[in-house]
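Quick notes on the structure that follows.
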Amino acid sequence: MRSFSTRSKLILLVVASALPALALTLYSTLEEREAAKANARADLVRLTRLATREQEQIIEGVRQTMVASSQVLTALQADRAACNRYFARLLAQNRGRYHSMGLFNLDGYLFCNAVPWKPGTYSGDRDYFQLAKSSGQFSIGSYQMGRVTGLQGVNFGYPVKDAEDKVTGIAFIGFDLASFNRVAMSTPLPPEGIITLVDRNATVIARHPITDRVQIGRKLENPRVLKPLFSAKSGVFETTRLADGIERLYVHDAVAENPDGTIPIRILVSLPLSVIFADANRALTRNLVGIAVATLLLVLGAWYGTELFVLRSIRTLLDAARSVRSGDLGARTRLRQGNDELSQVGQAFDEMAETLQRRDVELRKAVLELKEQALTDPLTGLYNRRYLRDVLARELMRAKRRNSPLAAVMVDIDHFKRINDALGHEAGDMVLKELSALFKRCIRGSDTACRYGGEEFVLVLPEASLDGARSKAEDVRSAVKSLGLSFHGKSLWPLSASIGVALFPQHASEAEALLSKADEALYRAKAAGRDRVVMSEMSAAASQSAQATAITDAPERS
């Protein structure tokens, strides 16, 4: 899990403090948007009903015209020429509203028309004709292209009846779609609002404004609009237009009703939700910018304030802590003394570091003493047998790496037990101390003298040749023999030492084996009469290796 810095936590805290204001702003914006939507819905419903009434008035005007003409048409059904003249005059009186009007017989063939026409013109398949004929009532058709005029329009049908109320023909009026469009254009729409009139087949018969995508005579194709539009006479819904992907609020209403209960014309008014929410969105943007600026200023203040008042002291503490951890117990924060918590922490840290430093000095002294005690013989002050193992192994590795010799000299004091038996252990201890001092004087700085056990000592001589090791051993033997000692004013008899010498690589190549060879040579010295130096005997394998080395090195020496 990721860990955040102190500065990051403080900045997150500042940002978190702005969240309530942000939440309140968003909540207020949602309320404003809902209120704006409710107002827009009410306005669109009002506009839609206004447009519906205006369209219904147009249709009612058409119906009244056809009702007034029906009495005349009964008489004109016997005179085609008079019928043509009658409709021509009536059309001239309503130019700009209608583009055609006339009369069909019950078979659906045109009997007379206000404009020139060809005999045999048939319209019995038109929906308005069939509905007027079957119901005997005024009917409204769908979008169509006139078969006589070739113009776009919506035809209205009205049954012509005789005195016995029997339908004898169907009068029609071809309504010019421009009249629908004039009403649509006069509707006071809000910015980016759209009003559309469609027939029962979802064909557009009027629209404002007209676009390239939606034109008169083309069908609406968006199923998201068509389904709610034709599912009820009126209603309100929201959906997205396929043409531009903009979400809009839609209000629809039915214009009139045909005798069979179908809705011939529907009005659809829509408005983008972005327009409805424009004021709320602007207020939201303004509030968000204000919150963002205020939060940014707070973040900047927290950023630099944290650096000035907190992080500098924390870094000082961390640097001092790292120094202490790395072993520098003399590191101090030296923070100014103050009442703030960080200054108090720094003061406590400095006091702790000072205490640790004192304890470390004491501990180092104790460790050195313990280490020295662990590696030295307490009586003689020489290194002990444990240290001998380590130093011999280390020097042997160095000798192998450098291809240099190494000698192990084992010294044993002859008849040492007599001193202890005759004078006591105190005298024996005094002799051992004197011998230890003698060994230290006789060896080089690179040599090591160890007490091997009892009255036995081992000298480790790096880079000592066979002759050099023998010479050093003879010097030690002579020094021991010439050492004059006395105990409580009484002279001791002369001491002597038996010495065994073993060399690497001539006699052995490992530490234990080298000591063992030196020990064997020591015992041969004792067996031969003591007070002498005996060199270790070379093993057969070592002898062959030495001879091979001599043969190999012979050309170089020559």
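When the residues of the stretch 1-40 are narrowed to those that are basic (K, R) and open to solvent by less than 40 Å² (accessible area, probe 1.4 Å), which ends up modelled with the highest pLDDT?
Within the stretch 1-40, the match that is modelled with the highest pLDDT is K37.
Keeping to the stretch 250-281, report how many residues are under 30 Å from P223 (Cβ atoms), among the acidic types (D, E) and in contact (Cβ under 8 Å) with a residue 40 or more places away in the chain.
2
Tell me, please, whether a residue that is out of contact with any Ser or Thr (no Cβ under 8 Å at 6 or more places or on another chain), open to solvent by 70 Å² or more (accessible area, probe 1.4 Å) and among the hydrophobic types (A, V, I, L, M, F, W, C) can be found in the stretch 484-495.
yes
How about the stretch 132-237: which strands (runs of 3 or more DSSP E) wholly inside it have at least 1 residues that are basic (K, R) and without any contact (Cβ under 8 Å) to a residue 60 or more places away in the chain?
204-208
If you scan the stretch 474-515, which residues turn out to be in a helix (DSSP H, G or I) and either at pLDDT below 90 or in contact with a Leu (Cβ under 8 Å, 6 or more places away or on another chain) (or both)?
If the condition is that a residue be in a helix (DSSP H, G or I) and either at pLDDT below 90 or in contact with a Leu (Cβ under 8 Å, 6 or more places away or on another chain) (or both), then V476, A479, V480, K481, A511, L514, L515 are the ones that fit.
Scanning the stretch 282-298 for residues that are touching a residue at least 12 places away in the same chain (Cβ under 8 Å) and open to solvent by 30 Å² or more (accessible area, probe 1.4 Å), which turns out nearest to S343 (Cα to Cα)?
L298
Right, A292: out of contact with any helix residue (DSSP H, G or I) (no Cβ under 7 Å at 6 or more places or on another chain), more than 30 Å from D360 (Cβ to Cβ) and at pLDDT 85 or above or not?
yes
Filter the stretch 251-262 down to residues that are surrounded by fewer than 19 Cβ atoms within 10 Å (Cβ to Cβ) and not small (G, A, S) and give me whichever is nearest to M185 (Cα to Cα).
E257
Return the pair list, or none, for Cβ contacts closer than 8 Å from residues in the stretch 326-346 that are open to solvent by 30 Å² or more (accessible area, probe 1.4 Å) to residues that are assigned to a loop (DSSP other than H, G, I, E, B), at least 6 apart or on different chains.
Qualifying pairs under 8 Å: L342/L335; Q344/G338.
Which numbered condition trips up M185, out of (1) at pLDDT below 95; (2) open to solvent by less than 40 Å² (accessible area, probe 1.4 Å)?
All conditions are met except number (2).
I want to confirm something. Restricting to the stretch 87-113 and keeping residues that are out of contact with any strand residue (DSSP E or B) (no Cβ under 6 Å at 6 or more places or on another chain) and within 25 Å of G261 (Cα to Cα), which single residue is most open to solvent (accessible area, probe 1.4 Å)?
Filtering the stretch 87-113 for residues that are out of contact with any strand residue (DSSP E or B) (no Cβ under 6 Å at 6 or more places or on another chain) and within 25 Å of G261 (Cα to Cα), the one most open to solvent (accessible area, probe 1.4 Å) comes out as D107.
Scan the stretch 367-389 and give yes if some residue there is closer than 26 Å to A497 by Cα, assigned to a helix (DSSP H, G or I) and in contact with a Ser or Thr (Cβ under 6 Å, 6 or more places away or on another chain), otherwise no.
No, the stretch 367-389 contains no residue that is closer than 26 Å to A497 by Cα, assigned to a helix (DSSP H, G or I) and in contact with a Ser or Thr (Cβ under 6 Å, 6 or more places away or on another chain).
How about the stretch 15-26: which of its residues are out of contact with any Ser or Thr (no Cβ under 7 Å at 6 or more places or on another chain), over 16 Å from T285 (Cα atoms) and in contact (Cβ under 8 Å) with a residue 12 or more places away in the chain?
Correct list: S17 only.
Residues to consider are I314, I263; find the one that is modelled with pLDDT of 85 or more, outside any strand (DSSP E or B) and on the phi < 0 side of the Ramachandran plot.
I263
Identify all residues within the stretch 238-250 that are part of a loop (DSSP other than H, G, I, E, B) and either of a type in the set (F, W, Y) or surrounded by 18 or more Cβ atoms within 10 Å (Cβ to Cβ) (or both); write none if there are none.
Listed by number, the list holds a single entry, R241.
Could we say that R213 is open to solvent by 50 Å² or more (accessible area, probe 1.4 Å), under 27 Å from G153 (Cβ atoms) and modelled with pLDDT of 90 or more here?
no
Return the residues of the stretch 136-154 that are open to solvent by 40 Å² or more (accessible area, probe 1.4 Å) and farther than 23 Å from A178 by Cα; say none if nothing qualifies.
Result: Q137, single match.
What number goes with the only condition from (1) of a type in the set (D, E); (2) exposed (fewer than 13 other Cβ atoms within 10 Å of the Cβ); (3) out of contact with any Leu (no Cβ under 9 Å at 6 or more places or on another chain) that E221 does not pass?
Going through (1) of a type in the set (D, E); (2) exposed (fewer than 13 other Cβ atoms within 10 Å of the Cβ); (3) out of contact with any Leu (no Cβ under 9 Å at 6 or more places or on another chain) one by one, E221 breaks only (3).
Can you find a residue that is open to solvent by less than 60 Å² (accessible area, probe 1.4 Å), at pLDDT below 95, in contact with a Lys or Arg (Cβ under 7 Å, 6 or more places away or on another chain) and not acidic (D, E) anywhere in the stretch 540-558?
No, the stretch 540-558 contains no residue that is open to solvent by less than 60 Å² (accessible area, probe 1.4 Å), at pLDDT below 95, in contact with a Lys or Arg (Cβ under 7 Å, 6 or more places away or on another chain) and not acidic (D, E).
Give me the residue from the stretch 449-473 that is among the small types (G, A, S) and in a strand (DSSP E or B) and, out of that set, most open to solvent (accessible area, probe 1.4 Å).
G453
Taking the stretch 318-364 on its own, how many of its residues are of a type in the set (S, T, N, Q) and within 27 Å of L13 (Cα to Cα)?
Total satisfying the criteria: 3.
Just to verify a result, which residue in the stretch 302-317, among those that are under 15 Å from I11 (Cβ atoms) and in contact with a helix residue (DSSP H, G or I) (Cβ under 8 Å, 6 or more places away or on another chain), is surrounded by the fewest Cβ atoms within 10 Å (Cβ to Cβ)?
E307
May I ask you to list the residues in the stretch 114-130 that are part of a helix (DSSP H, G or I) and open to solvent by less than 20 Å² (accessible area, probe 1.4 Å)?
If the condition is that a residue be part of a helix (DSSP H, G or I) and open to solvent by less than 20 Å² (accessible area, probe 1.4 Å), then Y128, F129 are the ones that fit.
The values are calculated or read from the model by the stated rules, or taken from the named source; none is laboratory data. In this text the structure is predicted, and so the values were computed from the model without any measurement. As a convention, Cβ positions derive from the backbone with ideal geometry for all residues, glycine included, and neighbour counts pool all protein chains shown. Accessible surface areas use protein heavy atoms only, side chains included; no ligands, DNA or RNA. Shrake-Rupley method; radii C 1.70, N 1.55, O 1.52, S 1.80 Å.
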